[in-house]
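Q: Attaching a single structure in structure tokens format; questions to follow.
Every number in this text was worked out from the coordinates using simple rules, so none of it is lab data. Keep in mind the model is a prediction, meaning the values are calculated, not measured. Note: ideal-geometry Cβ built from the backbone for every residue, glycine included; neighbour counts use all protein chains shown.
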Amino acid sequence: MNEFCQRARAWIADNLPHDWRSASAETHGEQEFLAIRRQWSRMLYEAGWLGLSWPQQYGGQGLTLLEEAAFAEEFAAARAPDFINRNAVGYIGPTLIAHGSDAQKQHFLPRILAGDDLWCQGYSEPKAGSDLASLQTTASDCGDHWLVNGQKVWITLGSEANWCYLLARTSTDRPRHRGISAMVVDMNSPGIEAVPITTITGSHEFSELFFTDVKVPKDALLGELHGGWKVAMTTLGYERSINFFARTADFRHEVSEVAELARRTMRGDRPAIEDQDIAQRLARCSEEAEALRHTIARYLPIWAETRAPGAESSVIKVMWSEAHQRLMELALDILGPYQQQRTGDGAEGDGKWPLGYLFTRAETIYAGTSEVQRNVIAQRFLGLPREERPRD
Ligand SMILES: Cc1cc2nc3c(=O)[nH]c(=O)nc-3n(C[C@H](O)[C@H](O)[C@H](O)COP(=O)(O)OP(=O)(O)OC[C@H]3O[C@@H](n4cnc5c(N)ncnc54)[C@H](O)[C@@H]3O)c2cc1C
């Protein structure tokens, strides 16, 4: 593994332009940052650093999740920008590997790694978020095609993606969880409208999607008919675990950056780090970063063997998202009166701390809220009784 890490570190050092380190939409502007991420993805793909644990026949490297985690560490240490297709490489591709037909895998997987296709994930609806099984978008069987009707909301990359991995109801007669199917939908199909939503950070990273009589070919089904719940749970397992390798690795570096911020920011005539409260909160963040690292290290060999992250992924998700919120709150407290300033004199790091703070509000929501993760942990780890829910 040491040899692998050294090779990864050397490649990043030789290839990552200096100006791209710690790049963000704030430092480069939304469009330029998107272009950087596209180009960076292409470079990573061509050098064989994307899809490390994917089968070689689909453009991957045939390695394990151990290498994926090790690469995420090197990536974070270099403060490299995120690649464009993180959702597809991190969890939609692995879902296709687990449930896709041979034709779907042959067609889509290499294109995901090459960045040829951008994907979005169509789960949430106005009346189906945490209670995903109550989704109402329908896919009616019309003989030689499906006809999709309904509305999705909060869809990351919904306006940019050219493919959507969609959950739709294919039966209203069966129990809720067993009447849902997963399918892959071409976003250029007639009848799809994407309406961007502006977030609290001012970006347009997600959209509402409206499907009106959208014709979808029969072979777009992903997994078994009415088996969409199983496919969806596979995705969530990956989304809450492997996809967070990079974020948890980033977190450790952010703790060091906040410590540095506390050293150079003055509170009266003393650096903020000499304030007892600041120092103790920093120490807690640092402990949380280490705890996360060790928790992932404990689960990694299990995931590497089974390739199927289970309920443990909820532990990682809830630990990371809540610790990250605490860290960003701390950064703002250190900045004091300058905490609101994202540009101009006195704005620290191009406004990355207030921006980071705002973005962390979303982290305890997407990929399943903290409350929902705790329900999973309570039931699957602690063996507590299931909560009362509508009967299936
Ligand atoms: C940045 C971001 C990106 C997203 N990207 C996507 C995407 O690409 N694709 C997609 O499909 N969705 C996406 N989402 C939507 C996300 O999956 C949902 O917001 C999330 O599942 C919560 O659903 P909801 O918003 O409907 O809230 P609700 O489910 O209505 O929850 C409201 C509150 O009630 C609590 N609650 C609900 N049920 C329970 C329960 N059983 N026990 C205890 N408390 C409960 C929740 O914790 C929450 O605090 C994204 C969201 C965000 C913020």
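Q: Once you place label points 7 Å from the Cα toward the Cβ at Glu274 and Gln340, how far apart are they in nm?
A: Calculated label separation equals 2.9 nm.
Q: Fewest Cβ neighbours within 10 Å first, please rank His28, His18 accordingly. Present the calculation step by step, with values, prior to reporting the outcome.
A: On the way: His28 17, His18 5.
Lowest to highest Cβ neighbour count: His18, His28.
Q: Of all the stretches in the chain, which is the longest one without any exposed loop site, taking GluC sites (Glu not before Pro) in a DSSP loop (any state but H, G, I, E, B) with at most 14 other Cβ atoms within 10 Å?
A: On the way: sites that count: Glu224, Glu387, Glu388.
Here the longest segment lacking exposed loop sites spans 1-223.
Q: Just the ratio, please: alpha-carbon radius of gyration of the stretch 88-161 over 2.2 N^0.38 Å, N its number of residues.
A: Numbers: Rg = 14.1 Å, N = 74, 2.2 N^0.38 = 11.3 Å.
Normalised Cα radius of gyration, the stretch 88-161: 1.25.
Q: Kindly state, to the nearest 0.05, the FRET efficiency for Arg178 paired with Arg386, given R0 = 22 Å and r defined as their beta-carbon distance.
A: 0.80
Q: If you only keep lysine pairs separated by 8 or more in sequence, or across chains, how many in the chain come under 26 Å at the Cα atoms?
A: Summing the qualifying lysine pairs gives 16.
Q: Can you compute the equivalent ellipsoid semi-axes for the stretch 264-328, i.e. the square root of 5 times each eigenvalue of the Cα gyration tensor, sorted largest first and rounded to whole Å?
A: Values: eigenvalues 242, 21, 11 Å².
After diagonalising the Cα gyration tensor, the semi-axes are 35, 10, 7 Å.
Q: Would you mind telling me the antiparallel percentage of the DSSP bridges in the chain, rounded to 5?
A: Numbers: 31 of 37 bridges.
Antiparallel bridges make up about 85 percent of those DSSP assigns within the chain.
Q: Please list, short to long, the whole-number percent of alpha-carbon pairs of the chain in consecutive 10 angstrom bins beginning at zero.
A: 5, 21, 32, 27, 12, 3, 1, 0
Q: At R0 = 45 Å, how high is the FRET efficiency between Asp144 and Ala283 if r is their beta carbon distance? Nearest 0.05 is fine.
A: Efficiency for this residue pair is about 0.10.
Q: Let me ask another. Using only the Cα atoms of the stretch 1-155, construct the convex hull and provide its projected area averaged over every direction, in square nanometres to one decimal. Don't skip to the answer; put the middle values down first.
A: Values: hull surface 45.6 nm².
Taking the Cα atoms of the stretch 1-155, their convex hull projects to 11.4 nm² on average.
Q: Another one. Anyone know which of Gly62, Gly351, Gly202 comes out most mobile in the 10 Å Cα GNM of the chain?
A: Gly202
Q: Provide the three semi-axes, in whole Å and in decreasing order, of the ellipsoid equivalent to the stretch 123-199 as defined by the square roots of 5 times the Cα gyration tensor eigenvalues.
A: On the way: eigenvalues 88, 56, 16 Å².
Computed over the stretch 123-199, the values are 21, 17, 9 Å.
Q: So for the stretch 215-360, Kirkwood radius off the Cα pairs, Stokes-Einstein at 20 °C and 1.002 mPa s: how many µm² s⁻¹?
A: The Stokes-Einstein estimate is 122 µm²/s.
Q: Turning to a different aspect of this structure: For the stretch 80-188, which trypsin sites (Lys or Arg not before Pro) are in a loop by DSSP, counting at most 16 other Cβ atoms within 10 Å?
A: Values: sites: Arg86, Lys105, Arg111, Lys127, Lys152, Arg169, Arg176, Arg178; in loops: Lys127.
Loop-located and lightly packed - Lys127.
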